[in-house]
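In what follows, a structure is listed as structure tokens, so that the remarks can point back to it.
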Amino acid sequence: MKKIFFLIFLFTQFSTYGYVVNRTDSGELIKWSSSRNINLFLSTSTPDLTSSEVSSIVTNSVNQWSSRINNTVNISASNDGEVSGRNDIYFQSNSEFFSDPSIVAVTQYIVDTNTTYIQEADIILNDSIHTFSSSSTSTKYLGNVITHEVGHLLGMGHSQVINSSMFYELRKG
């Protein structure tokens, strides 16, 4: 009985998180300045989904994080792909862009080394090999991919918690 009580006590004393905050090599947090709005420019052009489906799914995914951060996140339609100096979400059909065909999406960001604040971030979705879905029962549901990548955009790394948004592998649901 003492062993069971100890295990229950142990599990209730530690918090687990579905994400890891990215850090610099010296251990400082990589994050956005809390006073800065995060403006995302969305290109909805993909053969898999309509523009309104992409816009709705991305907005919903961003809203999942917005309630958990101090920054205001704004989404604007752009449909002009990547533009230097701004935060873009766009589809890329050039398979040479991704080092491995199993990569569904990547998030790249630029960090100010003096402040460790994120200055710019882009989410690039691989639609050269992957077919995105608007169905949440699909492993290629765009909402899961975007929610995960927005986590990276906000400075989070992968989690070992299997059902978390920041788990390194796509799952249904």
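The values are calculated or read from the model by the stated rules, or taken from the named source; none is laboratory data. Keep in mind the model is a prediction, meaning the values are calculated, not measured. Here Cβ is always computed from backbone atoms with ideal geometry, including for glycine, and neighbour counts include all displayed protein chains. Keep in mind that these areas ignore ligands, DNA and RNA; they rest on the heavy atoms of the full protein, side chains included. Shrake-Rupley method; radii C 1.70, N 1.55, O 1.52, S 1.80 Å.
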Glu96 vs (1) surrounded by 15 or more Cβ atoms within 10 Å (Cβ to Cβ); (2) farther than 16 Å from Thr59 by Cα: all pass except (1)
Against the condition modelled with pLDDT of 90 or more and touching a helix residue (DSSP H, G or I) at 6+ places or on another chain (Cβ under 9 Å), how does Thr50 come out, does it pass? no
Over the range 114-136, the set of residues outside any strand (DSSP E or B) and touching a residue at least 12 places away in the same chain (Cβ under 8 Å) is Thr115, Thr116, Asp127, Ser128, Ile129, His130, Thr131, Phe132, Ser134, Ser136
Those residues of the range 48-76 which are within 14 Å of Ser34 (Cβ to Cβ) and either in a helix (DSSP H, G or I) or not aliphatic (A, V, I, L, M) (or both) amount to Ser66, Arg68, Asn70, Asn71, Thr72
Note on the range 103-132: residues open to solvent by 80 Å² or more (accessible area, probe 1.4 Å) and closer than 17 Å to His158 by Cα are Gln108
Flagged in the range 42-68 as touching a Leu at 6+ places or on another chain (Cβ under 7 Å), open to solvent by 40 Å² or more (accessible area, probe 1.4 Å) and under 14 Å from Val150 (Cβ atoms), in numbering order, are none
Checked pairs for the range 41-69, first over 13 Å from Gly143 (Cα atoms), second of a type in the set (Asp, Glu) and open to solvent by less than 40 Å² (accessible area, probe 1.4 Å), C-beta under 8 Å and 6 or more apart or across chains, list as Phe41/Asp88; Leu42/Asp88; Ser43/Asp88; Thr46/Asp127; Pro47/Asp127; Asp48/Asp127
Filtering the range 77-113 down to residues that are outside any loop (DSSP other than H, G, I, E, B), over 28 Å from Gly27 (Cβ atoms) and free of Cβ contacts under 8 Å to residues at least 24 places away in the same chain yields Glu96
When restricted to Asn39, Asn87, the only residue of a type outside the set (Val, Ile, Thr), modelled with pLDDT of 90 or more and farther than 25 Å from Ser128 by Cβ is Asn39
